[in-house]
1. For the chain, what is the charge dipole size about the Cα centre, in debye to the nearest 20, if Lys and Arg each add +1 at the Cβ and Asp and Glu each add -1 at the Cβ?
2. DSSP beta bridges in the chain, what fraction antiparallel, as a percent rounded to 5?
3. Which of the aspartates and glutamates could a cross-linker span from residue 63 if the Cα-Cα distance has to be under 14 Å and same-chain partners fewer than 8 positions apart are dropped?
4. Which Cys in the chain stand alone, with every other cysteine's Cβ at 4.7 Å or more from theirs?
5. If I take R0 = 22 Å and measure r between the Cβ atoms of residue 55 and residue 129 in this structure, what FRET efficiency does the formula 1/(1 + (r/R0)^6) give, to the nearest 0.05?
6. Using a/c under 1.5 as the rounded threshold, could you call region 170-265 rounded, prolate or oblate? The axes a ≥ b ≥ c are square roots of the C-alpha gyration tensor eigenvalues, and prolate needs a/b larger than b/c, oblate otherwise.
7. Which order results if 105, 129, 34 are arranged by neighbouring Cβ count within 10 Å, fewest first?
8. Past 25 Å, Cα to Cα: identify those pairs from 74/234; 18/167; 17/234; 163/234; 123/167; 17/38, in the order given.
Amino acid sequence: MLKIVSANLNGIRSAAKKGFFDWMAAQDAHFVCVQELKAQAADMTPQFLVPGSYQGHFHYAEKKGYSGVGIYSKFAPDAVRTGFGCPEFDAEGRYVQCDFGNLSVISVYCPSGSSGEERQQAKFRFMEVFLPHLQALRACGREVVLCGDWNIAHKEIDLKNWKSNQKNSGFLPEERAWMSRVLGEAGWVDVYRTLHPETTGDAYTWWSNRGQAWANNVGWRIDYHISTPGLAAKASKAAVYKDQRFSDHAPLTIEYAGASAFLGS
């Protein structure tokens, strides 16, 4: 069994103060993918770099206090890749990939367009260049899981107020159609939905800090495990952890029964 966690921290220093690393140690997951570090290499403490029995691998943004992703693993990877080959978005620290045997684990933080039209256009550019990368990954013959904040709710079931959000970033028709391409012609699988095809409120992973969104569970499902079909077929259990709040997102944990065979010897 492989246990994999994805968690947008909205600042690794903030999440640490709220108990994230204590919680993480208790999960005993094989891989923990984190996003939105909001930290540079100089900001990373020993606890952040090597927490307990984990080793960390990170892709930092050039801009201070912005973006950044990481993967904590119980095993030493065969290879680590930071960035996916697009200078604009690699500078923003959005992609780190660790290879273990025939399995690749990726932490990804897709851009948000909610701050304005300029960032929405950047999000569209990211979608345009990231899809060919996803297609190449899918064709590489490896088992792959991309864990992270995709900043898109795919279907009406994936957010509370879908009717009033159809013209808002994160639920635009173009974004939803792109996700359909990722999960359709590109051949990827939304692992949570294979296990819970009809779940609504319990599936949400992000809540706005405005109003009473958290208290009223007015949420969005924008954090995913997106995997190759072979790995997705082994998914046996998924859960969104909401008993403690480490950020405006909640960790998504999925267990894959028998998937340790992909790690090789």
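Coordinate-derived values only; no laboratory data. Model, not experiment: these values are computed from the prediction. Glycine also receives a Cβ, built like all others from the backbone with ideal geometry; neighbour counts cover every protein chain displayed.
1. The dipole magnitude comes to about 360 debye.
2. 75 percent
3. 36, 43, 88, 90, 92
4. Lone cysteines by the Cβ rule: 86, 98, 110, 140.
5. Rounded to the nearest 0.05, the efficiency is 0.15.
6. It comes out oblate by the Cα gyration axes.
7. Exposure proxy ranking, most exposed first: 129, 105, 34.
8. 18/167; 17/234; 163/234
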